[in-house]
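**Q** The structure that follows is given in the form of structure tokens.
A short reminder: the numbers here are calculations on the coordinates, not readings from a lab. Keep in mind it's a predicted model, so treat the numbers as computed, not measured. As a convention, Cβ positions derive from the backbone with ideal geometry for all residues, glycine included, and neighbour counts pool all protein chains shown.
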Amino acid sequence: MNPSHNAPIPGELDSSFRGVSLPDGDAEVRILAAINEIHLRHRNNHEGELPTYIPELANADPHDFAISVVTTNGHTYNVGSIDRRFTLQSIANPFVYGLVLDLLGRERVLQSVGVEPTGNPFSAIVLDRKTNRPMNPMVNAGAIAIASMIPGATPTDRLNRLLALFACLLDEKPIVNMQVFISEKSTGDRNRSIAYLMRNFKMLEANIDETLDLYFQQCSVSVTAPQLALMAATLANGGVQPRSGREVYSRRSLRDVLTIMLTCGLYESSGTWVHRVGIPAKSGVGGGFMAVVPGRMGIAVYSPKLDQHGTSVRGQRACEDLATLLNLHVFGNTEARQR
Ligand code: GLU
């Protein structure tokens, strides 16, 4: 028997999908059928809580639920509340990491930020005991360190560099949600503590207030699910934005970005995620969830209720189901080529 490449591995993950058959035909018809099926399946799931530690995020509408896919040839598939904007929060981290890798080089970045998964929550006030580096660029400490490395003579230069990155990814001018920015800036003592700890160990040389402003601004970039899927599609498409054809990341930096997303993208549940689903992903406390299928597609889900780790509940479930239905696990097609 020669199992089809598109069939879910029998008995894997959620067995209730075994009864669902996607239409035959090209991959794109299957994507649309799959996201509609998954939206229907999860739209009445109201598990999770809205975050309150950034007060503005608690004002989200918990009913919102959108799924978008953008393929590497630039086609978009959408279902649900696709016009609703939400802030990237930590989903900005892999994008800014790639920018700094390209600008400063891997060796320089490795001196300041590690590449190890952490069993700790995203906001842990913890550095690597031996090197004093933040564990990885996906958790707050690492993301703040990366933000501090964005080159520029003034805070405005550095902000412009950041916004230029998002303009390339979105192919339009990015919007920063000022309410969320101010809400986080005025309640961000935990992130301030992380920054001072890094300065204590001489791991952060830039001005702390300016660095945190830049970090809070990158977290407050506001997108819709289709826009986030487009951003993810650039990561799926060798670093080239599929609509504009513009190279946003070098191949070398992109490889590092996707590797760290795979191993560290879901904080302390990263191991479970990669074991179950097996595609690079990143969550953010704004309710967004992004995944990348290299060479094929970017996936975005928006649903603002979060689990105890700070990850969108419907975001990860919908994405896991999509990976099951379309057999997206990076090690999902490992049958022997030669016998
Ligand atoms: N801005 C958020 C914070 O620093 C990001 C956290 C997240 O999305 O995981 O707490």
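**Q** Among 262-268, 31-37, what's the highest-first ranking by average C-beta atoms within 10 angstrom per residue?
**A** Values: 262-268: 23.1, 31-37: 19.3.
Ranked from most to least packed, the peptides come out as 262-268, 31-37.
**Q** Continuing with the same structure: Taking neighbour Cβ counts within 10 Å as the exposure measure, how do Thr259, Thr71 sort from fewest upward? Mind dumping the intermediate values first?
**A** On the way: Thr259 12, Thr71 21.
With the sparsest Cβ surroundings first, the list reads Thr259, Thr71.
**Q** So if each residue of separation counts as 0.36 nm, and I subtract the Cα-Cα distance between Asn120 and Lys202, what length gain in nm does that give?
**A** Working: separation 82, 0.36 × 82 = 29.52 nm, distance 2.22 nm.
Extra length available between Asn120 and Lys202 comes to 27.3 nm.
**Q** Before rounding to the nearest 500, sum -39500 (n - 2.57) across all DSSP H runs of length at least 4 in the chain and divide by the residue total; then give [θ] at 222 nm in deg cm²/dmol.
**A** Working: 12 runs with 141 residues, N = 339.
The per-residue figure over the chain is -13000 deg cm²/dmol.
**Q** Using Cβ counts within 10 Å as a stand-in for footprinting exposure, how do Ile54, Ile208, Ile144 rank, fewest first? Before the final figure, lay out the partial values.
**A** Numbers: Ile54 22, Ile208 16, Ile144 26.
Final ranking by Cβ density, sparse to dense: Ile208, Ile54, Ile144.
**Q** Explain nothing, just the number: relative contact order of segment 163-269, from Cα pairs under 8 Å at least 6 residues apart, as a whole percent. Kindly include the intermediate steps, with their values, before the conclusion.
**A** On the way: 79 pairs, mean separation 29.9, N = 107.
It rounds to 28 percent for segment 163-269.
**Q** Taking a ≥ b ≥ c as the square roots of the eigenvalues of the Cα gyration tensor of segment 229-300, is the shape rounded (a/c under 1.5), prolate (a/b larger than b/c) or oblate? Kindly include the intermediate steps, with their values, before the conclusion.
**A** Details: a/c = 2.11, a/b = 1.63, b/c = 1.29.
Note, shape of segment 229-300 comes out prolate.
**Q** Run the paramagnetic zone check for Thr156: 7 angstrom along Cα to Cβ, then residues of segment 183-211 with backbone nitrogen under 14 Å.
**A** none
**Q** How many angstrom separate the Cα center of segment 95-109 from the Cα center of segment 30-91?
**A** Taking the Cα centre of segment 30-91 as reference, the centre of segment 95-109 is 29 Å away.
**Q** Then there is this: For segment 119-162, what are Rg and Dmax over the alpha carbons, in angstrom?
**A** Values for segment 119-162 (Cα only, Rg and Dmax): 12.5, 36 Å.
**Q** Then there is this: Take every Cα-Cα distance within segment 30-122, group them into 5 Å bins from 0 onward, and report for each bin the whole-number percent of pairs it holds.
**A** With 5 Å bins starting at 0, P(r) equals 2, 9, 13, 15, 16, 15, 15, 10, 4, 0.
**Q** While we're here: Relative contact order of segment 47-182: what whole-number percent is it, with Cα pairs under 8 angstrom and at least 6 residues apart? Present the calculation step by step, with values, prior to reporting the outcome.
**A** Working: 126 pairs, mean separation 23.9, N = 136.
The normalised contact order for segment 47-182 reaches 18 percent.
**Q** Run the dipole for segment 56-142 about the Cα centre, Lys and Arg Cβ at +1, Asp and Glu Cβ at -1, nothing else charged, and hand back the magnitude in debye, nearest 20. If you can, show how the numbers build up before the last one.
**A** Values: 7 positive and 8 negative charges, 74 e Å.
Charge dipole, segment 56-142, about its Cα centre: 360 debye, nearest 20.
**Q** Based on the alpha-carbon gyration tensor of segment 181-254 and its eigenvalue square roots a ≥ b ≥ c, which shape applies: rounded if a/c is under 1.5, prolate if not and a/b is larger than b/c, or oblate? Let's see the in-between values first.
**A** Numbers: a/c = 3.64, a/b = 1.79, b/c = 2.03.
Cα axes put segment 181-254 in the oblate bin.
**Q** So, R0 is 22 Å and r is the distance between the beta-carbons of Asp307 and Arg255; what FRET efficiency does that work out to, to 0.05? Please list the in-between numbers first.
**A** Values: r = 29 Å, r/R0 = 1.33.
My answer for the efficiency is 0.15.
**Q** Where the only charges are on Cβ atoms (+1 Lys, Arg; -1 Asp, Glu), what is the dipole of the chain about its Cα centre, to the nearest 20 debye? All intermediate terms of the calculation are to be shown ahead of the outcome.
**A** Numbers: 32 positive and 32 negative charges, 142 e Å.
It works out to roughly 680 debye.
**Q** On to the next question. Using a Förster radius of 45 Å, what is the FRET efficiency between Ser193 and Thr334 based on their Cβ-Cβ separation? Nearest 0.05, please.
**A** Details: r = 44 Å, r/R0 = 0.98.
Computed FRET efficiency for Ser193 and Thr334 comes out at 0.55.
**Q** Hey, another quick one. Take every Cα pair under 8 Å in segment 242-339 that's 6+ residues apart, average their separations, divide by the length, and report that relative contact order as a whole percent.
**A** Values: 127 pairs, mean separation 19.4, N = 98.
Once normalised by length, the contact order is 20 percent.
**Q** Specify whether the C-alpha gyration tensor of the chain places it in the rounded, prolate or oblate class, a ≥ b ≥ c being the square roots of the eigenvalues: rounded for a/c under 1.5, otherwise prolate if a/b is larger than b/c and oblate if not.
**A** On the way: a/c = 1.67, a/b = 1.51, b/c = 1.11.
Because a/c hits 1.5 or more and a/b exceeds b/c, the chain counts as prolate.
**Q** Express in whole angstrom the spacing between the alpha-carbon centres of segment 262-339 and segment 119-142.
**A** 22 Å
**Q** Next question, about the same structure. Among Val285, Phe65, Leu104, whose Cα projects farthest towards the positive end of the dipole of the chain, with charges put on the beta-carbon of Lys, Arg (+1) and Asp, Glu (-1)?
**A** Leu104
**Q** Which value, in debye to the nearest 20, describes the size of the charge dipole of segment 234-339 about its Cα centre when Lys and Arg Cβ atoms bear +1, Asp and Glu Cβ atoms bear -1, and nothing else is charged? Numbers along the way, then the final one.
**A** On the way: 13 positive and 7 negative charges, 67 e Å.
So the dipole magnitude of segment 234-339 works out to roughly 320 debye.
**Q** For segment 90-197, report the convex hull volume of the alpha-carbon atoms normalised per residue, in Å³, without decimals.
**A** Numbers: hull volume 12.2 nm³, N = 108.
Output value, Cα hull per residue: 113 Å³.
**Q** Too long at a 27 Å Cα-Cα cut-off: which of Lys185/Lys305; Lys202/Lys305; Lys185/Lys282? Show your work: numbers first, answer last.
**A** Values: Lys185/Lys305 22 Å; Lys202/Lys305 37 Å; Lys185/Lys282 22 Å.
Table pairs above 27 Å Cα-Cα are Lys202/Lys305.
**Q** Once fully extended, how much extra length lies between Leu40 and Gln111, figured as 0.36 nm per residue of separation less the alpha-carbon to alpha-carbon distance? Mind dumping the intermediate values first?
**A** On the way: separation 71, 0.36 × 71 = 25.56 nm, distance 4.64 nm.
Between Leu40 and Gln111, full extension yields an extra 20.9 nm.
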